[in-house]
Amino acid sequence: MTALYIRRNLRVIIPTIAFVALFVLYIATHPRGLSTYVLTIWSNQSALLVFAAFAQFFVVLVRGIDLSVGAVVALTNVTASFALAGDGGSLVFGMAAVLLVGMACGLFTGLFVCFGNVPPIVATLATGAIYSGIALYLRPTPGGGVNSELSDAFTYAIGPIPTSLILIIVTVLVITIVLRKTSFGMALKALGANEHSAQLTGINTTSMRISAHVLGGLMAGMAGLYVSMVTMTGDAGIGPTYTLNSIAAIVLGGVSLAGGIGTAIGVAVGAMLLKTVASLMFFSGLPPLAQPFFEGLILALAIAFGSVGVLRIRNKLKLFAQ
């Protein structure tokens with residue numbers, strides 16, 4: 001590993017080292033130690049945040065911010081509680097319907113951001129309120145159900161390896177290939193790094209920004225789908241925590257809030273690091289009422305460090321070279 005490689009990948013190396021250290025500490029302090037059961041529970045909880053973080057990642061990559069991520073997760077979770085209660089072939093159509101709802105939300109948000117002539121933070125706040133309202137209308141109180149065999153298939157383990165961990169690895173590999181090996185992925189990064197230069201090279205920045213929101217909606221749909229697999233119910237009130245946590249997770253994973261910089265492995269590591277910190281608090285002996293305070297403090301510090309990184313940006317070409 002050369003000094004140049006370390007310098008270029010410092011945004012991922014540092015959180016990875018922190019994650020490994022904290023995960024070892026978590027396993028050491030857990031009463032049941034390292035076992036398939038403990039690993040599966042931790043992996044299932046991490047997968048929820050990993051998918052939500054990817055929903056935020058695609059939008060931030062093109063210099064946006066999406067405050068509707070949590071609302072889309074809630075809406076798709078509610079949709080799943082209606083669509084996945086059956087069995088047989090209907091489950092395939094049900095899962096497709098859940099993901100399509102997420103993509104439709106992303107498409108609507110992308111169109112509103114691009115053609116609404118309003119800042120993304122305001123536009124996504126408005127669309128998030130719409131999605132939350134629909135979710136509450138469909139499911140005023142938690143309820144519904146998910147096929148138990150389908151839930152078991154997605155939340156148990158294949159041998160000693162949790163199914164959710166396999167899903168995380170596959171998702172990271174697919175997104176890495178898309179970002180590094182396809183013109184579409186490189187165009188997303190180019191748009192985030194310098195929009196004017198991207199336009200000069202012939203990139204349709206409007207369609208690329210809308211595509212980023214659609215991909216974000218797809219990943220939020222995956223998060224909502226997986227929430228349904230874990231909880232086996234639909235709850236319209238789960239959204240708010242996912243929005244803030246998704247932003248904190250990508251910042252911890254080395255994604256620049258200024259756009260154009262970030263990796264799929266960094267996003268996954270950031271989300272798993274955040275979830276490991278929360279799990280450690282559970283076994284730390286802190287009073288339960290004090291844990292939300294410390295979790296909120298960590299989230300605020302993570303986002304604050306990300307904002308400081310934005311202020312330090314002076315040379316876009318230097319960033320693009322990374």
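If LEU67 meets every condition in (1) open to solvent by 10 Å² or more (accessible area, probe 1.4 Å); (2) hydrophobic (A, V, I, L, M, F, W, C); (3) over 30 Å from PHE112 (Cα atoms) apart from one, which number is that one?
With (1) open to solvent by 10 Å² or more (accessible area, probe 1.4 Å); (2) hydrophobic (A, V, I, L, M, F, W, C); (3) over 30 Å from PHE112 (Cα atoms) applied to LEU67, the lone miss is (3).
Can you find even one residue in region 79-89 that is touching a residue at least 12 places away in the same chain (Cβ under 8 Å), closer than 26 Å to ALA271 by Cα and open to solvent by 60 Å² or more (accessible area, probe 1.4 Å)? Please lay out each step first, then the result.
Quick first cut of region 79-89, residues touching a residue at least 12 places away in the same chain (Cβ under 8 Å) only: 79-87.
After this cut, where a residue has to be closer than 26 Å to ALA271 by Cα as well, the list is 79-81.
Checking which are open to solvent by 60 Å² or more (accessible area, probe 1.4 Å) leaves us with none.
No: zero hits.
List the residue pairs whose Cβ atoms are under 8 Å apart, where the first residue sits in region 102-128 and is free of Cβ contacts under 8 Å to residues at least 12 places away in the same chain, the second is open to solvent by less than 40 Å² (accessible area, probe 1.4 Å) and in a helix (DSSP H, G or I), and the two are 6 or more positions apart or on different chains.
Here the result reads GLY116/ALA123, each pair linking region 102-128 to a residue that is open to solvent by less than 40 Å² (accessible area, probe 1.4 Å) and in a helix (DSSP H, G or I).
Right, VAL113: within 20 Å of SER228 (Cβ to Cβ), buried (at least 20 other Cβ atoms within 10 Å of the Cβ) and among the hydrophobic types (A, V, I, L, M, F, W, C) or not? Give the steps one after another, and end with the answer.
Details: within 20 Å of SER228 (Cβ to Cβ): no; buried (at least 20 other Cβ atoms within 10 Å of the Cβ): yes; among the hydrophobic types (A, V, I, L, M, F, W, C): yes.
Judged against the criteria, VAL113 is not a match.
Residues of region 32-61 being of a type outside the set (Ser, Thr, Tyr) and free of Cβ contacts under 8 Å to residues at least 24 places away in the same chain, which ones? Walk me through how you get there before you give the answer.
At the first step, the residues of region 32-61 found to be of a type outside the set (Ser, Thr, Tyr) are 32-34, 38-39, 41-42, 44-45, 47-61.
Selection gives ARG32, GLY33, LEU34, VAL38, ILE41.
Six or more apart or on different chains, Cβ under 7 Å: which pairs go from a residue in region 172-184 that's loosely packed, with under 12 Cβ neighbours inside 10 Å to one that's assigned to a helix (DSSP H, G or I)? Could you list them?
Cβ pairs passing all conditions: none.
Let me spell it out: the conditions are (1) part of a helix (DSSP H, G or I); (2) β-branched (Val, Ile, Thr); (3) open to solvent by 80 Å² or more (accessible area, probe 1.4 Å), and THR141 meets all of them except one. Which number is the exception?
Single failed check for THR141: (1).
Which one of these is aromatic (Phe, Trp, Tyr) and more than 29 Å from GLY262 (Cα to Cα): PHE93, PHE115, PHE154? Walk me through it before giving the result.
On the way: PHE115 fails: more than 29 Å from GLY262 (Cα to Cα); PHE154 fails: more than 29 Å from GLY262 (Cα to Cα).
Every option except PHE93 fails the conditions.
Where the second residue is among the hydrophobic types (A, V, I, L, M, F, W, C) and surrounded by fewer than 18 Cβ atoms within 10 Å (Cβ to Cβ) and the first is in contact (Cβ under 8 Å) with a residue 40 or more places away in the chain and lies in region 13-28, which pairs have Cβ atoms under 7 Å and are six or more apart or on separate chains?
Partner pairs satisfying both residue conditions: LEU22/LEU280; LEU25/LEU280; TYR26/LEU280.
Being in a helix (DSSP H, G or I) and open to solvent by less than 40 Å² (accessible area, probe 1.4 Å) is the requirement here; does VAL146 meet it?
On the way: in a helix (DSSP H, G or I): no; open to solvent by less than 40 Å² (accessible area, probe 1.4 Å): yes.
Taking the combined requirement at face value, the residue does not satisfy it.
Can you name the number of the only condition in (1) closer than 16 Å to PRO240 by Cβ; (2) surrounded by 14 or more Cβ atoms within 10 Å (Cβ to Cβ); (3) not aromatic (Phe, Trp, Tyr) that ILE121 fails?
Of (1) closer than 16 Å to PRO240 by Cβ; (2) surrounded by 14 or more Cβ atoms within 10 Å (Cβ to Cβ); (3) not aromatic (Phe, Trp, Tyr), only one is false for ILE121: (2).
Identify, please: which residue in region 158-171 is at pLDDT below 90 and under 26 Å from VAL92 (Cα atoms) and is, among those, surrounded by the most Cβ atoms within 10 Å (Cβ to Cβ)? Quick ask: steps written out before the conclusion?
Taking region 158-171 and keeping what is at pLDDT below 90, we get 158-160.
Filter again for under 26 Å from VAL92 (Cα atoms), leaving 158-159.
Details: ILE158: 10, GLY159: 6.
Residue satisfying both the conditions and the ranking: ILE158.
Consider LEU274 against the criteria (1) surrounded by 20 or more Cβ atoms within 10 Å (Cβ to Cβ); (2) assigned to a helix (DSSP H, G or I); (3) at pLDDT 90 or above: it satisfies all of them except one. Which criterion is unmet?
(3)
Which residue is most open to solvent (accessible area, probe 1.4 Å), if the candidates are limited to region 236-246 and must be in a helix (DSSP H, G or I) and either β-branched (Val, Ile, Thr) or more than 19 Å from ALA47 (Cα to Cα) (or both)? Write out each step before concluding.
From region 236-246, those in a helix (DSSP H, G or I) are 239-246; that's our starting set.
Among the residues that remain, those that are also either β-branched (Val, Ile, Thr) or more than 19 Å from ALA47 (Cα to Cα) (or both) are: 241, 243.
Details: THR241: 82, THR243: 22 Å².
In this case the residue turns out to be THR241.
The values are calculated or read from the model by the stated rules, or taken from the named source; none is laboratory data. Note that the coordinates shown come from a computational prediction; the quantities given were computed from them, not determined experimentally. Glycine gets a Cβ as well: all are built from the backbone with ideal geometry, and neighbour counts include every protein chain shown. Just the protein is used for accessible areas: all its heavy atoms, side chains included, with ligands, DNA and RNA removed. Shrake-Rupley method; radii C 1.70, N 1.55, O 1.52, S 1.80 Å.
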